[in-house]
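Structure, as structure tokens:
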Amino acid sequence: MPNARIWLLRHLARRFSIGEDILGHLSTFQRLGEAFEVEAPQEMLPVGARTIARALRSRAAPQIRPDWLWPFWMQRQLDPHDEAFVPRGHLAVMTNLTHRNWTSIGNLWSPWEAIVDPTGLVTPWYDGWSIDWWVEVDGTWHFPSRDARVTQRLLEGDKPIVETVLGTDAGEVVHRAYAQVGPGQPSGNGELVTIEIGNRTSGPVRVAVAIRPYNPEGLAVLSDIVVRGHQVTVNDNQLALLLPGAPHGAALSTFKGEDTANLVAGGLQRGSHDGRVHDPAGLANAAFVYDLPAGERLRVASPMLPGEEQRKGRGLVERFTRWPEIHAELRPAEEVARAWEAPLDRGMRVELPDARLQAAVDANRAYLLLFHDPGSITPGPFTYHRFWFRDAAYMTVALDRWGFHEEAFDVLRTFPGRQRADGFFYSQWREWDANGAAIWGLAEHHRLTGDDELLTATADSVAKGARWINRKRRERGRDAPELHGLLPPGVSAEHLGPFDYYYWDDFWSLRGLRDAAYLGYLVGDVDGAAEAERTHRSLLADTMASIERSARRLGTRAIPAGPTRSADPGMIGSLAACEPLQVLPADDPWIVGTADLIRDRFCIGDAFFQGISHTGLGTYLTLQLAFVELEAGDARAWDRLMWMLDAATPTWTWPEAIHPQFAGGCMGDGHHGWAAADFLSFVRNLLVREARDGAVLLLGLLPDAWFGERVVVRDAPTHRGLVSYVLDWEDDRAVLTWECAEAGVTLRAPGLDPDWSTVEQQGSVTFSALGR
């Protein structure tokens, strides 16, 4: 096969006049990582192809039409006066490298999410076109993607309703984007993105609602726009926009024609707005202008059912023929916000003295529920809107830790159906952490809920998954001593570097084996549990022997990313051995040495800088270090949490990585689900967590900023049942009042008094003066 591949490459090279030097680059590329027979995971090929094709178009169009109105991120990357300017050079592509920030909106128990960029550009469908808004005040048109006086926040109460405010000399115009199920419509294909624009200025304004052929990732393909009455359809008769009535004026155009933003700014005459436009370049665009008196609001809506789903026979055009009546019944933003209160008034609830931290927690509890799709969970609403076991494990555990057990169960129950016949929990090929992640997620669910139904339903799947780990680590081809008994090279740790051997996979497998034994004993599978324990002991011995060899080679007592790697930033993943996997304790010399080296070499301020692969200030990777520090009682953990709050968007979201020179996202999904889950899990562990000896720790770390402040935790799920407590103060004396749902739970409060403990089910204690 390799010879045939080389022959094909050379044949194509001669056909297209590609020289031997270029072939050399291509043939040696894969050898930059681990040298072996590797192909890119087939599941990611469509993603890569889409990314490259989009980036090629995004590079070309602005050069030809610099007079166009482009999205916020592109405007800034093209502007030589902006700090986010990115020279294009000889690169044939352009993508969002500086402002990968957006906010998810959606409905509970729905597979669809829309996103809102920092200036209110709304993208209803994945990789699709967007809906923009422009405002004329006192004869001047304001375009939010270019206007410096645009701010953004969540509606009061921190529900997923995004409020973008355009400030003008005459007052504010407020844009709100949120989701709801259309009145009288079924959930799923009756869901609507609602855009509500309110005039808070002192006089009338004009508002343009525009369909734009781009999104926060790059250009979209928008070939056709047809306007018939209140309905706007795109491409293959896909219902895209529902208008509130006849506009004052309308404009439709193409890439070669005048941008509708310029047409609107030049003035539109009143007339029929029906029409159609076709653009072979796929950059059709349209705008609809409305008069909006002072104090009034207008609402438009867009179906959340993506176009490809509409083409499957669930067409919406006919359903929304009675749109005027439906429009009159659309719920305003305030009513939708109130509807979120009941779903969030459950599980673990907290009252925190830090207003920013409270707002971020409240917002991310809601976001975590949005990342849950029926029977699935995804680490992002856009770039990463697909399922991976690793991300699912972090996110379902966060759901369970915060008491959203129904949603966690809904995802976890699908794990057996995602498992191959050989026992591999499959979401992407060569992601060897998947089995450990899946089993850990199932075990944590049981520890936090006592759910015997799921335990029984997944017992066979767990046992098969444990046996798969043992077979996989014993495959041939790894005869080198440092590779003996380890998992094969893979891509599960692609956030830590290229295709390679990673201790990350071995640590996850160790956790999975330990939990497979735990679950096996619970269901009476003594033989299977004992086998998992034997495999765990063998893999642990092989892993630690390999780490010892790596340490001698590197001359440091720290765990590199893998047995062939240097001391590079990828070693942040090795800290997972401490948290969340608890393979090694926080005071283990290997963990201490690894954390010290990372702090010394790979941090910028309080943030971890990932210089490999997912380049930037890592959000969940910074929290990885913070988790270990929290476990060790190190106050630097709090500093990293404060960095997370400083780095958050005004709507309390995080991308996967942040540009080290300014606050914009530079990698991954602009609203990252793993980052949100880790943030919530970290706050939970700060407030209440399980110790290795089975005790429950309350306030394992008391930040100086909380001295003298009230803290309330209600119904926190733990491995020992629900725990609640209140921290009050009498002068400089802390008063802790607690209640456990189960008897016999050992409680400790190291942040208040490292020597105090109790097994009383409820009670109150006053700690002597805490000097700070």
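Below is a table of values for the structure above.
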item: Restricting the range 660-712 to chymotrypsin sites (Phe, Trp or Tyr not before Pro) in coil, as DSSP defines it, with at most 14 other Cβ within 10 Å; result: 662, 707
item: Distance in nm between pseudo-label sites at residue 460 and residue 755 (7 Å out along the Cβ direction from Cα); result: 5.7 nm
item: With DNA, RNA and ligands ignored, accessible area of residue 254 (1.4 Å probe; Å², nearest 10); result: 30 Å²
item: Extreme residue, positive dipole direction of the range 672-772, given options 703, 735, 717 (C-beta unit charges); result: 717
item: For the range 544-703, diffusion coefficient by Stokes-Einstein and Kirkwood Rh (Cα), 4 °C, 1.567 mPa s, µm²/s; result: 81 µm²/s
item: The range 532-591, dipole about Cα centre (Lys/Arg Cβ +1, Asp/Glu Cβ -1), debye to the nearest 20; result: 300 debye
item: Positive dipole terminus of the chain, leading residue within 691, 192, 758 (C-beta point charges); result: 192
item: With every protein chain in place, the chain: carbon and sulfur % of accessible area (1.4 Å); result: 51 percent
item: D_trans [Stokes-Einstein, Kirkwood Rh over alpha-carbon pairs] for the chain, 37 °C, 0.692 mPa s, µm² s⁻¹; result: 117 µm²/s
item: Only Lys, Arg (+1) and Asp, Glu (-1) charged, at Cβ; the range 445-513 dipole about Cα centre in debye; result: 300 debye
item: Cα convex hull volume per residue for the range 364-494 (Å³); result: 113 Å³
item: Cut-off 18 Å, label 7 Å out along Cα→Cβ of residue 530, residues of the range 424-463 by amide N; result: 463
item: Accessible surface, per residue, of the range 548-657 when the full set of protein chains is kept, probe 1.4 Å, Å²; result: 31 Å²
item: Coil-residue trypsin sites (Lys or Arg not before Pro) of the range 127-174, DSSP, other Cβ within 10 Å capped at 15; result: 149
item: Cα gyration tensor shape of the range 161-308, rounded if a/c is under 1.5, else prolate or oblate by comparing a/b with b/c; result: oblate
item: Between the range 134-154 and the range 321-352, the Cα center-to-center distance that results, in Å; result: 27 Å
item: Per principal axis, descending, Cα span of the range 455-604 in whole Å; result: 48, 33, 24
item: The range 718-772: GluC sites (Glu not before Pro) in DSSP coil with no more than 16 other Cβ atoms inside 10 Å; result: 742, 760
item: Cα centroid separation, the range 529-562 to the range 725-761 (Å); result: 38 Å
item: Environment charge of residue 734, counting only residues whose C-beta is closer than 9 Å and scoring Lys/Arg +1, Asp/Glu -1; result: -3
item: FRET efficiency, residue 690 to residue 422 (Cβ-Cβ, R0 30 Å, nearest 0.05); result: 0.35
item: Rg(Cα) / (2.2 N^0.38 Å) computed for the range 692-761, rounded to two decimals; result: 1.07
item: Accessible solvent surface per residue of the range 371-459, calculated while the other protein chains remain in place, 1.4 angstrom probe, Å²; result: 25 Å²
item: Tilt relative to the chain, helix 636-647 - C-alpha long axis, 0 to 90 degrees, to 10; result: 10 degrees
item: Net dipole in debye of the chain [+1 Lys, Arg Cβ; -1 Asp, Glu Cβ; about Cα centre; nearest 20]; result: 2460 debye
item: The chain: angle of helix 20-29 to the longest principal axis, Cα-based, in degrees nearest 10; result: 50 degrees
item: Given charges at Cβ of Lys, Arg, Asp, Glu: the chain dipole, positive-most of 49, 337, 324; result: 49
item: Exposure rank, largest accessible area first [768, 566; 1.4 Å]; result: 768, 566
item: Rounded, prolate or oblate (a/c below 1.5 giving rounded, otherwise prolate when a/b exceeds b/c) for the range 584-675 by Cα gyration tensor; result: prolate
item: Kirkwood hydrodynamic radius of the range 74-183, Cα pairs, Å; result: 15.8 Å
item: Largest-first principal axis extents, alpha carbons of the range 629-702, Å; result: 41, 21, 18
item: Helical mean residue ellipticity (222 nm; -39500 (n - 2.57) per DSSP H run of 4+; nearest 500) of the chain; result: -10500 deg cm²/dmol
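The values are calculated or read from the model by the stated rules, or taken from the named source; none is laboratory data. No experiment lies behind these values; they were computed from the predicted model shown. Neighbour counts are summed over all protein chains in view; Cβ atoms, including those assigned to glycine, are modelled from backbone coordinates with ideal geometry. Remember, those area values only see protein heavy atoms, side chains included, never the ligands or the DNA or RNA. Shrake-Rupley method; radii C 1.70, N 1.55, O 1.52, S 1.80 Å.
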